[in-house]
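The values are calculated or read from the model by the stated rules, or taken from the named source; none is laboratory data. Quantities reported herein were computed from a predicted structural model and do not represent experimental measurements. So basically every Cβ, Gly included, is an ideal-geometry build from the backbone, and we count neighbours across all protein chains shown. Note: accessible area is taken over every heavy atom of the protein model, side chains too, but ligands, DNA and RNA are not part of it. Shrake-Rupley method; radii C 1.70, N 1.55, O 1.52, S 1.80 Å.
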Amino acid sequence: PVRVITATGALRRQLAHRICGLHDGAAAGVQVVTLWSLTRQVLQAASESPRVGDGLLSLLASRQAATHAGLSVALTPFEDGPRAVTPAVRDLLSAGLVSAVPAREALAELGRGDDTTRARALVEVAASVSETMKRLGAPRFGAHVRRAAELLRSPGRALLPSRGVMVIGFADATGDALCLLQALCAQAQASLYLDLPDDPAHLGHEDLGARF
């Protein structure tokens with residue numbers, strides 16, 4: 001199939017709906033998946049299975065975000081609600097975040113403001129998720145993603161047979177996710193369509209994440 005890899009579940013649903021709409025409601029030979037779903041496919045093709053799925057991280061992140069004073073109201077307009085924080089939490093954990101203290105100190109240098117308040121709240125949610133997953137004995141998130149990248153780079157193994165691979169919707173990537181994206185471009189000749197969105201709070205201005 002042609003594989004389309006997206007940054008979020010919401011984008012996956014939107015793209016799948018759009019593709020089907022262009023083909024009278026159905027389209028064969030196209031698979032639209034998130035990066036985590038692709039990770040599972042690669043591991044399963046190599047007869048390996050992750051001990052914990054993205055569902056646990058998403059559940060923990062959404063629960064924490066729904067009750068956090070700095071995020072609950074801000075997330076109301078989003079289609080996914082509290083689940084919208086999952087990609088950001090995943091990125092922070094992939095980058096190696098285990099404690100909110102260093103990031104909180106760095107954010108303090110930016111001064112006060114709604115953006116800084118939300119960023120600090122997001123870091124606190126990610127640190128809480130990391131602590132909970134460690135307490136539950138779940139493996140560090142990102143280990144499976146990096147393992148998938150290693151498998152793709154292994155010589156003589158066709159773990160991702162495709163007629164084409166497209167990566168869509170990533171404005172940036174951190175840590176293990178970046179490692180997998182690099183492997184996709186190098187080994188699967190993936191085409192990467194980089195997303196450079198405006199700051200949603202200041203249209204016409206570069207997003208803070210892209211600037212970072």
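So, restricting to strands (runs of 3 or more DSSP E) that lie completely within the range 104-212, which ones have at least 3 residues that are at pLDDT below 85 and over 20 Å from the mean Cα position of the chain (by Cα)?
By residue number, 202-206.
Among residues belonging to the range 21-56 that are part of a helix (DSSP H, G or I), modelled with pLDDT of 85 or more and of a type outside the set (Ser, Thr, Tyr), point out the one that is farthest from Val125 (Cα to Cα).
Out of the qualifying residues, it is Ala45.
Taking the conditions exactly as written (more than 26 Å from Leu71 (Cα to Cα), touching a strand residue (DSSP E or B) at 6+ places or on another chain (Cβ under 7 Å) and open to solvent by less than 30 Å² (accessible area, probe 1.4 Å)), does Val145 satisfy them or not?
Criteria not met by Val145.
Taking the range 105-128, which residues are surrounded by 14 or more Cβ atoms within 10 Å (Cβ to Cβ) and either in contact with a helix residue (DSSP H, G or I) (Cβ under 6 Å, 6 or more places away or on another chain) or among the hydrophobic types (A, V, I, L, M, F, W, C) (or both)?
Leu107, Thr116, Ala119, Arg120, Ala121, Leu122, Val123, Glu124, Val125, Ala126, Ala127, Ser128
What is the one condition in (1) under 23 Å from Ala7 (Cβ atoms); (2) free of Cβ contacts under 8 Å to residues at least 24 places away in the same chain; (3) surrounded by fewer than 14 Cβ atoms within 10 Å (Cβ to Cβ) that Gly81 does not satisfy?
In the conditions (1) under 23 Å from Ala7 (Cβ atoms); (2) free of Cβ contacts under 8 Å to residues at least 24 places away in the same chain; (3) surrounded by fewer than 14 Cβ atoms within 10 Å (Cβ to Cβ), Gly81 misses (3) alone.
Residues that are of a type outside the set (Phe, Trp, Tyr) and outside any loop (DSSP other than H, G, I, E, B): does the range 66-75 have at least one?
So far as the range 66-75 goes, yes, one or more of its residues are of a type outside the set (Phe, Trp, Tyr) and outside any loop (DSSP other than H, G, I, E, B).
Given the condition open to solvent by 50 Å² or more (accessible area, probe 1.4 Å) and in contact with a helix residue (DSSP H, G or I) (Cβ under 6 Å, 6 or more places away or on another chain), answer yes or no: does some residue in the range 173-182 qualify?
no
Okay, residues lined up against (1) of a type in the set (Lys, Arg); (2) open to solvent by less than 50 Å² (accessible area, probe 1.4 Å); (3) under 16 Å from the mean Cα position of the chain (by Cα):
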| residue | (1), (2), (3) |
| --- | --- |
| Ala10 | no, yes, yes |
| His17 | no, no, no |
| Cys20 | no, yes, no |
| Thr34 | no, yes, yes |
| Ser72 | no, yes, no |
| Leu93 | no, yes, yes |
